[in-house]
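Peer 1: Below is one structure. I have some questions about it.
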Amino acid sequence: MNLTFALCGNPNVGKTSLFNRLTHSSQHVGNWHGVTVGKAEKRINFDGDQIDMIDLPGLYSLSVYSYEEGIARDEILASKSDLIISVCEASNLSRNLYLTLQLLELNIPVIVVVNMIDELDKRGFALDAKKLGERLHVPVLMTSAKYKFDTSELIRAGKQYLINYDNEKVKLPYLNKLPLRQIEEIIGDNIKDSGFDPRYACIKTLENDDFVIDKLNLSSEQKSRIKALGDNQALVAKCRYEYIDRVTDGVIVKNKKRRKSSDIVDGLDKIMLNKYLALPIFLLIMSGIFWVTFGFIGSFLTDCLENGINYLSEAVNDILLTAAFPEWSRALICNGILQGVGGVFAFLPQIMIMFFFLALLEDSGYISRVAFMTDGLFRKIGLSGRAVFTMIMGLGCSATAVMTARGLEDEMMRKKTVILTPFMSCSARLPVYTAIAAAFFTSGNVPLIFGLYILGATMVILLAAIMQKTPLKSGEASFVMEMPKYRFPTATRIIQILASNAKNFIVKVGTIVFAFNVIVWILGNFSLTSGYVMMGSGESIMERFGSFIAPVFAPLGFGNWKAVTALISGLVAKEVVISTIMSLGGMEIFPDPLAAISFMVYTLLYVPCIATLSAVRKEAGTKWMIFGLILQLSTAYMITLGVRAVILAFNGGVLLGISALTGIALILISIVYLTDLVFKKKKCICCSGECEGCK
């Protein structure tokens with residue numbers, strides 16, 4: 001038997017965590033609103049049956065207000081799923097059941113899963129699932145997707161419910177209080193052509209749902225008759241919530257004393273969201289992460305792995321030399337592959353440390369607080385706090401982050417977010433910074449790398465502010481965000497995150513980086529006419545091509561064919577930049593530390609990888625992708641030139657210069673942030689700040 005189960009619920013109730021448990025998947029999850037922006041599907045086998053599990057984006061209601069909510073609504077209305085699993089959060093049961101009732105109104109099979117039951121227990125309460133199920137007339141199960149639980153119980157309950165399902169058994173008495181019969185008399189003929197369930201169409205008409213009303217294609221006379229019935233939108237909500245109050249009355253009971261730790265955790269927001277302390281705390285947290293990642297701990301682990309790779313390369317070279325392998329084959333294997341690919345692989349420990357801390361920030365709920373505290377600043381530059389989620393995800397993978405911008409309502413804001421996110425330094429650039437900084441700035445690599453990340457974020461803010469003064473100005477978009485509870489990932493969750501990212505990194509290094517590195521080495525060591533040539537002879541294919549372009553980068557300090565080749569290679573994947581450098585002779589391609597700094601800045605800001613460009617094209621269109629390319633190339637060149645000029649102004653004091661740039665960037669952000677705090681006008685409830693008294 002083939003069945004389809006769809007997971008549906010409010011944002012951040014743990015649908016994807018539950019999906020991962022049910023399907024043994026590793027879909028991205030996080031403790032913030034809007035992690036899932038598209039549906040995910042996976043087929044599992046259970047007791048001889050094939051079940052297609054679908055994870056839908058979060059939504060609060062079947063009346064939607066964003067792109068990803070529309071995906072979930074359309075999937076539900078298409079009636080492709082045999083069963084809807086309505087996922088609710090134990091601590092917000094009443095609010096979550098509002099969506100559950102709307103699903104039940106569709107006359108489709110629905111079961112309820114109350115997730116995060118462990119948090120209810122920690123607060124000293126328990127849920128009577130049996131009583132709730134009897135009142136709703138549907139199965140109610142309790143889970144904690146964060147921890148291990150018997151997934152077979154949930155699947156088996158769903159299958160059994162489908163066998164015994166009878167929509168007449170699911171009573172929704174509050175519907176008798178609504179003028180559904182009168183509405184059906186008015187729109188009955190239109191419903192037949194719309195494909196909607198009659199009851200759903202009538203309720204949504206009462207709620208004045210634009211999507212449904214447009215599909216019904218009502219006449220002016222019909223609309224007038226509906227309007228004559230009065231404003232029933234509030235009545236629908238009132239009836240639902242009154243029913244929810246009745247079915248939830250007494251289902252959550254106290255079973256022990258509330259733990260004091262939860263009070264302590266709740267009090268954290270008084271500090272974390274303090275208008276004067278929030279930004280310094282955020283910068284302190286990020287600097288701590290960078291110190292651990294690029295300081296002694298991260299560097300020690302990377303050095304150990306790098307030493308092992310160097311030892312392996314020397315050993316392999318000796319073996320090949322003894323076996324009388326041709327010189328070109330020894331150079332390809334030892335320099336092109338082991339030194340090039342191994343040079344990237346050596347940075348796996350630092351990348352894992354970075355992902356570990358990003359996982360903590362996401363799962364703890366702190367990212368939502370960062371979005372909240374920066375919303376005022378971002379609104380001034382034509383973005384919103386919702387864009388912060390996308391930007392911070394860009395620290396991991398730009399291609400993935402770009403797709404999360406779908407949740408932004410304003411089209412212009414969404415497109416600007418898509419093309420600006422690549423300026424945030426993704427994890428693929430990390431090996432480039434680390435290798436170059438370790439080679440030239442042993443004692444100051446941490447502030448240098450931190451400065452690059454700050455520079456990337458600063459460019460996002462400045463470019464967004466400039467765009468807001470042009471025809472690219474964004475409209476006012478609402479940012480309604482539910483502040484999630486502080487949560488911390490389990491050891492299992494951390495291991496899954498690290499294992500997934502390690503696997504992705506190793507696969508990329510073993511396929512894309514490996515293949516392209518071999519190609520680059522061959523092009524850099526072979527001539528079309530002379531065959532194998534010594535690197536640097538000026539005869540190789542890549543030397544001639546790179547030397548033709550190199551003068552363009554001469555003002556930036558790295559106008560040589562090897563640096564140009566590395567940059568071109570980075571279009572495939574940014575990890576290939578450092579593998580190319582290592583396979584073409586190492587850090588000797590930079591004549592001085594200033595050239596190395598310039599190269600790092602340019603690598604930060606220039607065109608992202610092909611995967612990201614493809615995501616930008618998909619989300620914003622070809623014209624915006626091209627605009628983004630021009631913006632990134634021009635910005636990278638001008639800013640790199642500016643950084644070089646500033647450092648030269650400090651008489652070549654590279655670390656002093658980059659520290660000054662970092663300080664300037666921080667000061668600019670702080671000035672805008674504090675200006676927002678000091679001069680922000682408070683809007684009154686009655687007029688949103690537009691009356692004469694407010695002005």
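Peer 1: Report, in degrees rounded to the nearest 10, the 0 to 90 angle that the Cα long axis of helix 67-77 makes with the longest principal axis of the chain.
Peer 2: That works out to roughly 50 degrees.
Peer 1: Evaluate the Debye formula for the stretch 405-506 with equal point scatterers sitting on the alpha carbons, no solvent, and hand back log10 of I(q)/I(0) at q = 0.12, 0.17, 0.20 Å⁻¹, in q order, two decimals.
Peer 2: -0.69, -1.06, -1.09
Peer 1: What angle, in degrees between 0 and 90 and rounded to the nearest 10, separates the Cα long axis of helix 411-420 from the longest principal axis of the Cα atoms of the chain?
Peer 2: Approximately 30 degrees, to the nearest 10.
Peer 1: For the chain, what is the charge dipole size about the Cα centre, in debye to the nearest 20, if Lys and Arg each add +1 at the Cβ and Asp and Glu each add -1 at the Cβ?
Peer 2: Details: 68 positive and 60 negative charges, 310 e Å.
In debye, rounded to 20, the chain gives about 1480.
Peer 1: Rank-order 309-320, 412-423 by packing density, defined as the average count of other C-beta atoms within 10 Å over each peptide's residues, highest first.
Peer 2: 412-423, 309-320
Peer 1: Can you pull the Rg over Rh of the stretch 2-169, Cα-only, Kirkwood?
Peer 2: Answer for the stretch 2-169: 0.92.
Peer 1: Can you bin every Cα-Cα distance in the stretch 173-248 into 5 Å intervals starting at zero and give me the percent of pairs per bin, rounded to whole numbers?
Peer 2: The percentages, shortest bin first, are 3, 16, 28, 24, 15, 8, 4, 1, 0.
Peer 1: If you line up the long axis of helix 93-104 against the longest principal axis of the chain, both from Cα atoms, how many degrees apart are they, to the nearest 10?
Peer 2: Its long axis makes an angle of about 70 degrees.
Peer 1: What per residue convex hull volume, in Å³, comes out for the stretch 66-133 when only alpha-carbon positions are used?
Peer 2: Per-residue hull volume (Cα only) is 102 Å³.
Peer 1: Let me ask you something else. Just the number, please: Stokes-Einstein D of the chain in µm²/s, Kirkwood Rh from C-alpha pairs, 20 °C, 1.002 mPa s.
Peer 2: Working: Rh = 28.3 Å.
Answer, rounded: 76 µm²/s.
Peer 1: Moving on to the next point. Could you list log10 I(q)/I(0) for the stretch 41-101 at q = 0.11, 0.26 Å⁻¹, which the Debye formula gives when each Cα is one point scatterer?
Peer 2: Evaluating at q = 0.11, 0.26 Å⁻¹ gives log10 I(q)/I(0) of -0.30, -1.16.
Peer 1: Expressed as a whole percent, how much of the Cα-Cα distance distribution for the stretch 254-365 exceeds 20 Å?
Peer 2: 63 percent
Peer 1: Something else now. So which of K15/K159; K80/K254; K130/K159 end up more than 30 Å apart by C-alpha?
Peer 2: Distance filter (> 30 Å) returns K80/K254.
Peer 1: Among the aspartates and glutamates, select those whose C-alpha is under 16 Å from the C-alpha of K238, and discard any that sit fewer than 8 residues away in the same chain.
Peer 2: Of all the aspartates and glutamates, those that pass the test against K238 - Cα under 16 Å, at least 8 places apart if same chain - are E105, E207.
We did not get these values from a lab; they are worked out from the coordinates using the rules stated. The model shown is predicted, which means the values in this text are computed figures rather than measured ones. Don't worry about glycine lacking a Cβ; one is built from the backbone with ideal geometry, like all the others, and counts go over all protein chains shown.
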